[in-house]
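Working notes, beginning with the structure itself.
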Amino acid sequence: MPAVFVFLIFIVLAYLTGAVLAYPLFLALDPFLELEYRKYLTYATLLNGILVSAIYLRTYSLLSFKAFGFSGSRGAFIKVLLRASAYGILIILLIELILYSLGIHELDSRRSYTLDEFAIRLLKAVITGLLISLLEEAIFRGGLFAGLHKKAGVTVAVVLSSLLYSAVHFIRYGQVPQGMEIGWTTGLQMLPDAFRRFYEWSIADYFLTLFAFGVLLSLLRLRHGTLAACIGLHAGVVMAIKVSDYYGQRTYSSQFEYLVSQYNSTFGWISFGVMLACISFYYLRYSRQVKP
């Protein structure tokens, strides 16, 4: 069976099993966390993504830490990660500079701008950025990318993993329907509605930005051979967005408002253009250094 079809089958299984396993996760953690059930569905699916990636690699006898992108010395890995995180922060700073100059964003006067408050926000952003990037990169540029790269080639691996990475950001569970009791089949019943945003053309700018970001991360994976740069760049972007979202706000009064997605206050056509510029620059500069 072609690797692409096997890949798609595993993705479907990841969501189906994630929808079911959300219930035991809910039973185990809800007495302590008391989160909305849709959060448990999301977490169960992400954790299941790691397992599915491992099984996908195992199918082609590729299962290893190296295939997942974790190899080389720890010191070198951390060094590349930190350098890439700085570039991720710079990308968001460039996007924010454009947004502020066009009057799309402005500083939020309700926030506290003390050093202590900034330190707390920065620490939370760092933790969030590292956790999100580690988990998502292990799935998309790790196991799934390695399997596709080995069996279907570079182009398919880059395009398909980036499409999936972008698409999952629009699969959003809603609230548990009124009157529905939470059980083993609750997630399965809520799953069809989670794809509702794919019927809206208004997601195009946000979707393309995430796709372009996925392509950039894939180029990093190809060049370095590990996930160090992918995790670093991804973490830097998330950290910068978390901090900028806290201290800034959207004005909704700029004539250039249409250049930012209605679903995200930072990403849109402007960010898509910046990502394309980064991809072009990186590819032209480092194409000869990309590993086969």
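The values are calculated or read from the model by the stated rules, or taken from the named source; none is laboratory data. For clarity, every value in this text was computed on a predicted model and none was experimentally measured. Here the Cβ positions follow ideal geometry from the backbone for every residue, glycine too, while neighbour counts run over all protein chains shown. Heavy atoms of the whole protein, side chains included, go into the accessibility calculation; ligands, DNA and RNA do not. Shrake-Rupley method; radii C 1.70, N 1.55, O 1.52, S 1.80 Å.
In the chain, helices alone account for a calculated mean residue ellipticity at 222 nm of -22500 deg cm²/dmol, with every DSSP H run of four or more residues adding -39,500 (n - 2.57). Considering every alpha-carbon pair of the stretch 233-283, the percent of pairs per 10 Å bin, from zero through the bin containing the longest distance, is 22, 48, 27, 3. Just so you know, the Rg over Rh for the stretch 139-292 is 1.03, from Cα atoms, with Rh as the Kirkwood radius. Between the exposed loop cleavage positions of the chain, defined as GluC sites (Glu not before Pro) in a non-H, G, I, E, B DSSP state with at most 15 neighbouring beta-carbon atoms within 10 angstrom, the longest gap is 37-180. Charging the Cβ of each Asp and Glu at -1 and of each Lys and Arg at +1, and nothing else, the dipole of the chain about its Cα centre rounds to 1320 debye.
In whole percent, how big is the carbon plus sulfur part of the accessible area of the stretch 90-193, probe 1.4 Å, protein atoms only?
Values: 3620 of 5510 Å².
That share works out to 66 percent.
Evaluate the relative contact order of the chain (contact order divided by residue number), counting alpha-carbon pairs under 8 angstrom at least 6 apart; express in whole percent.
Working: 377 pairs, mean separation 86.9, N = 292.
The normalised contact order for the chain reaches 30 percent.
Between the stretch 44-102 and the stretch 24-40, the C-alpha centres lie 27 angstrom from each other.
Shape verdict for the stretch 15-171, please, from the Cα gyration tensor: rounded (a/c under 1.5), prolate (a/b greater than b/c) or oblate. Judged from the Cα gyration tensor, the stretch 15-171 comes out oblate (a/c at least 1.5, b/c at or above a/b). Quick one: how many Å² of Thr17 are accessible to a 1.4 Å probe, rounded to 10? Only protein atoms counted, so the area is about 60 Å². Extension gain, Leu123 to Ile182, is 17.7 nm, computed as 0.36 nm per intervening residue step minus the present C-alpha separation.
With r as the distance between the Cβ atoms of Leu115 and Leu163 and R0 = 45 Å, compute the FRET efficiency 1/(1 + (r/R0)^6) and round to 0.05.
Once rounded, the FRET efficiency stands at 0.60.
Here is the list for the stretch 47-145: chymotrypsin sites (Phe, Trp or Tyr not before Pro) lying in DSSP coil, each with at most 12 other C-beta atoms within 10 angstrom of its C-beta, are Tyr113. Mean Kyte-Doolittle of at least -0.5 and a Cα length of 27 Å or more along the axis: which whole DSSP H helices of the chain meet both? Helices passing the filter in the chain: 3-33, 37-59, 74-101, 115-137, 204-224, 228-247. Residues considered: Gly143, Gly103, Gly268. Largest GNM mean-square fluctuation over the chain, using C-alpha springs under 10 Å, is found at Gly103. Taking Cβ atoms as reference points and 15 Å as the exclusive limit, the residues near Val156 contribute a net charge of +4, counting Lys and Arg as +1 and Asp and Glu as -1.
Between Leu51 and Gln255, the simple label model (points 7 Å from Cα in the Cβ direction) yields a spacing of 5.5 nm.
State, as an integer percentage, the relative contact order of the stretch 163-247 based on alpha-carbon contacts under 8 Å between residues 6 or more apart.
29 percent
In a fully extended conformation the segment linking Glu200 and Phe70 would gain 43.0 nm over its present Cα-Cα distance, using 0.36 nm per residue.
Take the Cα radius of gyration of the stretch 102-143 and divide it by 2.2 N^0.38 Å, with N its residue count; two decimals is plenty. If you can, show how the numbers build up before the last one.
Details: Rg = 15.5 Å, N = 42, 2.2 N^0.38 = 9.1 Å.
Dividing the Cα radius of gyration by 2.2 N^0.38 Å gives 1.70.
With equal scatterers on the alpha carbons only and no solvent term, can you work out the Debye log10 of I(q)/I(0) for the stretch 83-206 at 0.11, 0.13, 0.16 1/Å? Once normalised to I(0) and log-transformed, intensities are -0.69, -0.93, -1.20. A dipole drawn for the stretch 220-292 from +1 and -1 charges on Cβ atoms has a positive end, and of Tyr252, His224, Phe272 the residue lying farthest that way is His224.
Mind checking the per residue accessible area of the chain for me, 1.4 Å probe, whole number of Å²? Write out the running numbers ahead of the final one.
Working: 15320 Å² over 292 residues.
Solvent-accessible surface per residue comes out at 52 Å².
Here each label is just a point 7 Å from Cα along the line to Cβ, and for Tyr60 and Gln175 those points are 4.4 nm apart.
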